[in-house]
Every structure is written in structure tokens, then in C-alpha cells.
Amino acid sequence: MKVLVTGAAGFIGFHVVNALCQRGDEVVGLDNINDYYDVNLKYARLEEAGIKRKAIEDNVLINSEKYPAYRFVKLDIVQLDSLKQLFEVEAFDSVIHLAAQAGVRYSIENPHAYVQSNLVGFVNILECCRHNQIKHLVYASSSSVYGNNKKVPFSEEDRVDYPISLYAATKKSNELMAHTYSHLYQLPTTGLRFFTVFGPWGRPDMAPMLFAGAIMKGEPIKVFNNGDMERDFTYIDDIVEGVERVLKNIPNKDEEHPFYRILNIGNSSPVKLMDFISEMEKVFGIEAKKEMQPMQPGDVKLTYAETKKMNSIVGYQPITNLKNGIMPFINWFKNYSW
């Protein structure tokens, strides 16, 4: 199978690329390597996958020195002409679309970045998929679409009409746009509502990395809503396993909504924020300094994935509990610097 993975220099994208290459797929990775967070981490992920930083040029495909069937291109999905050319020349079978402007709080400060990447960029991907006979588009949605949903666990059948951040609104918009293309053009699409993902090579703007960095430096960690929060922390290996399974299971005309699916992908076991911090303290052997903060705009108190649908369709069953996920994450964090 020949697969395009957008967001290949990102946290989830990097791990997905490695998994696909290791199972023998031909992969093209795409990323614009923006500076939302430290680009050195993004380049380091690429280097780990055999893409040398010094070889990267805009709109030029370069070969991995680690995986013979992996190539990477630095390209922004808002650049429609360049994206069209890539699709036409490469003739992909499937697309895993993970490129997006991430972050709930940053969407309050810089809304236009989200409109460009998450809306304009997404419709560009949809257009390229429909014009190039893509067999399956798997794309990243988010648990943030559930907003302040009072019913738990969160089910794909729940209404998600009241997002509380622009980021969440763009992800809900992606689901609506994908449905339109599935309906009009019979383009098979699967949207994955990711719950809080953690593990080695993670995003430095997310709590696990922020906490680990502060604990190691002896600096206080900011604990929002005075610690009264729960997250469905999901280890990266379980996420990648789920993405791989979904890619191979293509929606068809017999779906409730033909050619269209939305699936939760999470651990289905929410963890209290203070318990997460406690596990990190145990592994580090250091008690964290905690700075209690109020709830931040756009944040939600609880995320909790119901994954029955994902399990019934692709046999998805996360196997990594918090304790077994924290250890490899901290070991990586201790031994890596960028």
C-alpha cells in the first residue's frame, strides 16, 4: 500500500510513519515544520526516521536513510497547487491526515492559523483525495469536540454542537466536511477523535512534557483547575495500533452514513490529573512543586472515551495502563535533548 501521512514531523505522525514503514508500506511523509513549538524536536523526529535535516528543501521529496520505502517532503497543505501535483505524481492508495494547527489555548491567541491549516488545508486534502481515487482518508479529529459534555463516557452518538474552543470548532467542521465528501463523491473517510495521547517524542506544549520538564528542573508545574481534572491518557503505541487497524478497514456504502465513520480512539480509563503527576513523581523519584491555577479558557474538566464502536469494527483494545506508559516516556525524556 502507498500511503501519504501528513503531519509526519509531528508526535503521532512520526510514530505512524515508523509503524507503516516497519510493516512494509510505501510511505510519503509531509509536514510544513511550522514553529508552533520547537522545530528542533520536529527535525529530530525526522532524523530518527532517516530524514536528514540538511537535505530538507521546500517541495522536494527526499529519501530516508533508514527506511528504503520512505520519502519526505516539506510542504504546507494550504498550498493547493503543490499539493495537487504531489497527489497526481505519486498516486497514493490511502491518506492518513494528521497535519493541523494543534492546541486549545493557542487557538484563542491566534485564530487565523487554525482557519488556514484546519479548514482551508483540510478542504485541500479532501479535494485532492476525491480527484485522485483515494481508497481511504483517515483524519485526526479530537476529543475536544465533546466540549463540556456531561454524559460519560463520551460516545460517538453524543451531540457535539457546542464546542468551547476554536480548535474544537475546526475539528467538528472537519467531520462535517468529510461527511459531505463521503456523501457526494463516495470518498471513504474515517475521523478519529483522539483522546490525550502521551509517550516518547511527545508534544512539548502538552501536560506530560511540561510536567516532566518542570520536575527535572525543580521548577513548579502549573496545575489547572486546582488539579480537579481528569484525562483519558492514551499511550502512543495503542494509538498507532488503532490507526493501522482503521486504515485497513474501509467504510463502505452499507455504513449508517455511507462511506463515512467517526470513531473514538482512547484508553477508556480516565485518570485524575493529580494521580498522573503522582506516577511521574514516583518514576523521577522527585516530588513536584505544584502551582495551583484556575481553569483555563477552552479547557474541559473531563475526557473519557467510549471505545465500543472502535472495538467492534477493528478489534481495538488498548493494552497500556498509565504506569506502564509513564516509565518508557520518562526514560526517553531523561535521555533525550534537542
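Looking at the range 127-134, can you tell me whether even one residue there is in contact with a helix residue (DSSP H, G or I) (Cβ under 7 Å, 6 or more places away or on another chain), open to solvent by less than 70 Å² (accessible area, probe 1.4 Å) and at pLDDT 95 or above?
The answer is yes; a qualifying residue exists.
Among the residues that make up the range 28-36, is at least one of them polar (S, T, N, Q) and closer than 24 Å to PRO111 by Cα?
yes
Say whether the condition of being over 17 Å from the mean Cα position of the chain (by Cα) and surrounded by fewer than 16 Cβ atoms within 10 Å (Cβ to Cβ) is met by at least one residue in the range 7-22.
yes
If I ask for residues that are crowded, with 18+ Cβ neighbours inside 10 Å and within 14 Å of the chain's Cα centre (by Cα), which ones from the range 201-216 would you list?
TRP201, GLY202, ARG203
Quick check: is even one residue across the range 158-170 at pLDDT 95 or above, within 29 Å of ASN18 (Cα to Cα) and buried (at least 16 other Cβ atoms within 10 Å of the Cβ)?
yes
Among the residues of the range 290-316, which ones are closer than 16 Å to PHE233 by Cβ and open to solvent by 50 Å² or more (accessible area, probe 1.4 Å)?
If the condition is that a residue be closer than 16 Å to PHE233 by Cβ and open to solvent by 50 Å² or more (accessible area, probe 1.4 Å), then LYS301, TYR304 are the ones that fit.
Under 7 Å between Cβ atoms, which residue pairs at least 6 apart in sequence (or on different chains) link something in the range 113-134 that is over 16 Å from LYS2 (Cα atoms) and of a type in the set (Ser, Thr, Tyr) with a partner that is open to solvent by 50 Å² or more (accessible area, probe 1.4 Å) and assigned to a helix (DSSP H, G or I)?
Final answer for the pair search is TYR114/LEU166.
How many residues, within the range 56-76, are surrounded by fewer than 18 Cβ atoms within 10 Å (Cβ to Cβ) and more than 24 Å from GLY24 (Cα to Cα)?
3
Part of a loop (DSSP other than H, G, I, E, B) and either surrounded by 13 or more Cβ atoms within 10 Å (Cβ to Cβ) or free of Cβ contacts under 8 Å to residues at least 24 places away in the same chain (or both) - does that describe any residue in the range 320-328?
The answer is yes; a qualifying residue exists.
In the range 114-144, which residues are within 17 Å of the chain's Cα centre (by Cα) and over 18 Å from MET229 (Cβ atoms)?
Within the range 114-144, TYR114, SER117, ASN118, LEU119, GLY121, PHE122, ILE125, LEU137, VAL138, TYR139, ALA140, SER141 qualify.
Return the residues of the range 261-289 that are within 12 Å of ALA212 (Cα to Cα), open to solvent by less than 20 Å² (accessible area, probe 1.4 Å) and either of a type in the set (A, V, I, L, M) or part of a strand (DSSP E or B) (or both); say none if nothing qualifies.
Once the filter is applied, which keeps residues that are within 12 Å of ALA212 (Cα to Cα), open to solvent by less than 20 Å² (accessible area, probe 1.4 Å) and either of a type in the set (A, V, I, L, M) or part of a strand (DSSP E or B) (or both), the range 261-289 yields ILE277, MET280, ALA288.
Answer with yes or no whether ILE77 is assigned to a loop (DSSP other than H, G, I, E, B), in contact (Cβ under 8 Å) with a residue 40 or more places away in the chain and either touching a Ser or Thr at 6+ places or on another chain (Cβ under 9 Å) or closer than 19 Å to PHE14 by Cα (or both).
So ILE77 fits the description; yes.
Enumerate the pairs (first residue in the range 224-250 and over 17 Å from ASN311 (Cβ atoms); second residue anywhere and of a type in the set (Phe, Trp, Tyr) and open to solvent by 50 Å² or more (accessible area, probe 1.4 Å)) with beta-carbon separation below 9 Å, excluding pairs fewer than 6 apart on the same chain, so at least 6 apart or on different chains.
The qualifying pairs are GLU230/TYR304; ARG231/TYR304.
The values are calculated or read from the model by the stated rules, or taken from the named source; none is laboratory data. Keep in mind that what you see is a predicted model, and the values were worked out from it rather than measured. Reconstructed Cβ throughout: ideal geometry from the backbone, glycine too, with neighbour counts over all protein chains shown. Accessible surface is based on the protein model in full, side chains and every heavy atom, while ligands, DNA and RNA are left aside. Shrake-Rupley method; radii C 1.70, N 1.55, O 1.52, S 1.80 Å.
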